[in-house]
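*Asks:* Handing you a structure now.
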Amino acid sequence: MTDSTPTDISRLETAEHPENLRRIAIEPLTRVEGHGKVTLLLDHDNRIRQARLHIVEFRGFEKFIQGRPYWELPVLVQRLCGICPVSHHLAAGKAIDQLAGVDQLTPTAEKVRRLMHYGQILQSHALHFFHLSSPDLLFGFDSDIGQRNVVGLIERHPDLAKQGVLLRKFGQEVIRVTAGKRIHGTCAIPGGVNKSLDSSERNYLQQDLPQMIRWGQEALSLAQNLFLEAREQHRRFARIDTPMMSLCRDDGGLELYHGGLRVVTGDGHKLLDRIDSREYHRHIREQVKSWSYMKFPYLQQLGPEHGSYRVGPLARINSCDYIDTPLAERARVEFRALEPDGLVQSTLAYHWARMIELLHCAEKIEQLLDDADLLGSDLQQSGEMRPRGIGVIEAPRGTLIHDYEINPDGLVTRANLIVSTTHNNRAMNESVRTVAADLFDGREISEGMLNSIEVAVRAYDPCLSCATHALGKMPLVVELQEPDGRIIDRLIKDTRGELSR
Amino acid sequence: MSGSFSIDGVTVPFETGQSIMDAALAAKIYIPHLCHNPEFQPHGSCRLCCVTANGRTVAACTTLATDGLEVANETHEITTRRRLLLKLLFVEGNHVCPACEKSGACQLQAVAYHCGMLAPEFVHFYPKRAVDASHPETIIDFNRCILCELCVRASRDHDGKSVFNISGRGIDAHLTIDSPSGRLGDSRFSASDKAARVCPVGAILPKHRGYEIPIGRRLYDQESISQVGDVASHREQEDG
């Protein structure tokens, strides 16, 4: 592998003469949520000239929820995703609390929502690690493609596969108890929740908890050992150096449900801290590119060229000062010791960080189930309606922002959803380019090399179907060419949707 | 005067003047229906309650029971026809059950389940219809209106206001509101009106709330509509 400076990588976004290059498309990307592809343009010597991650599906939620009543939002927008619907449900739930004029939920309501959220992160992380990513990590990036999947995992590591399935099932059961269904239930209503737990539901979840915490510890050890087994290689694979963003408690503790925005730069400096997350638009801007439906957010302070940042487990475990559950805190200290002088920037360390969070969620669920408030009956608060609500939450894949405006009748007039995967769009593209620059250096192309590109994308656990919202904002150029390639007409649509020639 | 007739071979008593539907409801025999509510004059428009009486197809809500009548209700042929009507209703409007707050307590959804409709068959019309949220306490989502005319009858015959009416013909038929602007907020409608409590689907709903009953405890979560009965009767009990 070679060291690549950011300038090298940025040159790979757009090749100067694509017409002379050979194109390889990895399509569809496998073992990720949603539909995407990577395109590589190579010269005659098999050297990489352009590498892009594209999101090729289109959802349009921001548009079609316009005109709908605000109290529908949590149930409506959770259909964005089948893996992390709870995150969308709760982000929208937090937004409609504000629309209903409620700033503080009852203890019961907040704890029911938190329980649901921890169940969600636990199941999503288990799904990603065991079902989607562990085959790469256990069998090798270039191992037999016929085995490199969850079926191969079941055949060769049946106990591990079972743990993955049952950990996920436990998280799904936490969701079912709080939302009525494992996927796409109901819970958040304006200013509260529609149910609390009864003692039989609590006891049902409690009986499995010691086992889940044990398995969580084992999963963490596995992720840590897999990383450390090839420490130097894993440290450098798809590595990019970026600031990290997440919600944090005011005292610096890890926070997944509600906190201030914190951005930490590579040397550990806090670029932003304790920022009211509703002020996100002052610090995060979005750029649209002609070749992707996904927007490209950047930190306003650093500008579009250098404002790339990362979110998700790696960012959260890096940016927080401590974790308030003992087993996860011990793991965090070990994790951060990997890079004593700064942030852990290794893209593959996402998996390790993800398993620290899985264990943390199991510990938090244990704490909550011991809390009598969870069985309370004070479910909902009310207040004076407001025109705008911004719900921000840490979804499994990172910071999730739901921003809604309504008219005096209570109908949605504008919506902006910045989804975790969208935050990571630049970073994923840069990681893809890093791997491409390292591997596609003239050697003969193998399936394992293409899978290495996917491994880099997979580490981010992208949810591509959640992340595509650039409706009507994508600049487009249509060219009419003669058979000899001469351009005879050209129509350009800019980001405001206006046409010019 | 009274007598008896049979529904699917079961003997059902009736009083003179009772329709097949009235007698069936009294005998706790379920005949699928959407536009019928025993509190109002029958309308016979949804055609779901069509049965065969002595071999002739009739609407159970508008046909009087007569002595010795042989009624077929839940036969394969009739249920197939009902499923067809339901599939047509689902594609004529925008019925998005997964996100609808009425889901689990919606008569259209419940009757569809009862009749074995598990998926849409026809191409959706996706009509462009608005939401009227101009009233402070009640919202009308025209996307979900099935033109049962129950709100029209309740407002006219019970509330004495005639706030609602059906205008247009055929596929252009639609619910209208009697107010200068055509909006509910400018009409004489009140959330305490009977018309606010008779909608069998999610078209006329209270504002600022929804999804308050957890999944598993909604009207049709535990038992079929054939056991539980209509939405409106339960709403009357809750309010009463």
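Throughout, read-outs are computed from the coordinates displayed, never taken from laboratory work. Note that the structure is predicted; figures quoted are calculated from it, not measured. In this analysis, Cβ positions are derived from the backbone assuming ideal geometry, glycine residues included, and neighbour counts consider all displayed protein chains.
*Asks:* Please arrange A:Arg79, A:Arg443, A:Arg148 by counting, for each residue, the other beta carbons lying within 10 Å of its beta carbon, fewest first.
*Replies:* A:Arg443, A:Arg79, A:Arg148
*Asks:* Which net charge results for the neighbourhood of A:Ile183, defined as the other residues with beta-carbon distances under 14 angstrom from its beta-carbon, given Lys and Arg at +1 and Asp and Glu at -1? If you can, show how the numbers build up before the last one.
*Replies:* Details: positive: A:Arg79, A:Arg168, A:Lys169, A:Arg176, A:Lys181, A:Arg182; negative: A:Glu33, A:Glu173.
Here the count lands on +4.
*Asks:* In debye, nearest 20: dipole of the protein assembly as shown around its Cα centre with unit charges on the Cβ of K, R (+) and D, E (-)?
*Replies:* On the way: 85 positive and 96 negative charges, 197 e Å.
I would put it at about 940 debye.
*Asks:* How well do other chains shield peptide A:66-75, expressed as the mean number of their Cβ atoms within 10 Å of each residue Cβ? Don't jump to the answer; show the numbers that get you there.
*Replies:* Values: counts 0, 3, 5, 10, 2, 9, 8, 1, 3, 7.
Mean shielding by partner chains, rounded to a whole number: 5.
*Asks:* Among A:31-41, A:444-454, A:128-138, what's the highest-first ranking by average C-beta atoms within 10 angstrom per residue?
*Replies:* On the way: A:31-41: 20.8, A:444-454: 16.8, A:128-138: 22.5.
So the order, starting with the most tightly packed, is A:128-138, A:31-41, A:444-454.
*Asks:* OK, next. Just tell me how shielded B:98-105 is by partners: mean number of partner chain Cβ atoms within 10 Å of each residue's Cβ, no decimals. All intermediate terms of the calculation are to be shown ahead of the outcome.
*Replies:* On the way: counts 5, 11, 3, 7, 0, 2, 2, 0.
If you average over the peptide's residues, the count of other-chain Cβ atoms is 4.
*Asks:* Can you put A:Phe227, B:Phe122, A:Phe141 in order of Cβ neighbours within 10 angstrom, beginning with the fewest?
*Replies:* B:Phe122, A:Phe141, A:Phe227
*Asks:* Now for a different question. On C-alpha positions alone, give me the angle between the axis of helix B:76-92 and the longest principal axis of chain B, in degrees, nearest 10.
*Replies:* 10 degrees
*Asks:* Let me make sure I get this right: for chain A, a, b and c are the square roots of the gyration tensor eigenvalues over alpha carbons, sorted descending. Under 1.5 in a/c it's rounded, otherwise prolate if a/b > b/c, else oblate. Which is it?
*Replies:* Working: a/c = 1.82, a/b = 1.24, b/c = 1.47.
Oblate, since a/c reaches 1.5 and b/c is not below a/b.
*Asks:* In percent, how large is the relative contact order of chain A, given Cα pairs closer than 8 Å and 6 or more residues apart? It would help to have the intermediate numbers written out before the result.
*Replies:* Details: 1059 pairs, mean separation 119.7, N = 501.
It rounds to 24 percent for chain A.
*Asks:* Percent relative contact order of the stretch B:94-240, based on C-alpha pairs within less than 8 angstrom and at least six residues apart?
*Replies:* 30 percent
*Asks:* Highest first, please rank the peptides B:171-181, A:163-173 by the mean number of other Cβ atoms sitting within 10 Å of their residues.
*Replies:* Values: B:171-181: 13.5, A:163-173: 20.5.
Highest-to-lowest ranking by the protection proxy: A:163-173, B:171-181.
*Asks:* Which FRET efficiency value, to the nearest 0.05, do you get for A:Arg11 and A:Lys162 by plugging their Cβ-Cβ distance into 1/(1 + (r/R0)^6) with R0 = 35 Å? Don't skip to the end; give the middle numbers.
*Replies:* On the way: r = 46 Å, r/R0 = 1.33.
Once the sixth-power term is evaluated, E becomes 0.15.
*Asks:* Counting Lys +1, Arg +1, Asp -1, Glu -1, what net charge surrounds A:Ile26 among other residues with beta carbon under 13 Å of its beta carbon? Intermediate results must be reported in sequence, preceding the final value.
*Replies:* Numbers: positive: A:Arg23, A:Arg31, A:Lys37, A:Arg52, A:Arg458; negative: A:Glu27, A:Glu447, A:Glu454.
Residues near A:Ile26 contribute +2 overall.
*Asks:* Given labels modelled 7 Å from the Cα in the Cβ direction, how far is it in nm from B:Thr75 to A:Ile488?
*Replies:* In this crude spin-label approximation the distance works out to 6.8 nm.
*Asks:* Cα-Cα over 20 Å: which of A:Lys195/B:Lys102; A:Lys181/B:Lys128; A:Lys37/A:Lys289; B:Lys87/B:Lys194; A:Lys63/B:Lys128?
*Replies:* Where the Cα-Cα span goes over 20 Å, the pairs concerned are A:Lys181/B:Lys128; B:Lys87/B:Lys194.
*Asks:* Take B:Ser162 and B:Asp67, extend 7 Å from each Cα along the Cα→Cβ direction, and tell me the distance between the two endpoints in nm.
*Replies:* If labels sit at B:Ser162 and B:Asp67, their model points lie 4.2 nm apart.
*Asks:* Moving to a separate point now. With a ≥ b ≥ c taken as the square roots of the eigenvalues of the C-alpha gyration tensor of the stretch B:86-239, please select rounded if a/c is under 1.5 and otherwise prolate if a/b is larger than b/c or oblate if it is not? Kindly include the intermediate steps, with their values, before the conclusion.
*Replies:* Details: a/c = 1.73, a/b = 1.24, b/c = 1.40.
It is oblate, given that a/c is not under 1.5 and a/b is not larger than b/c.
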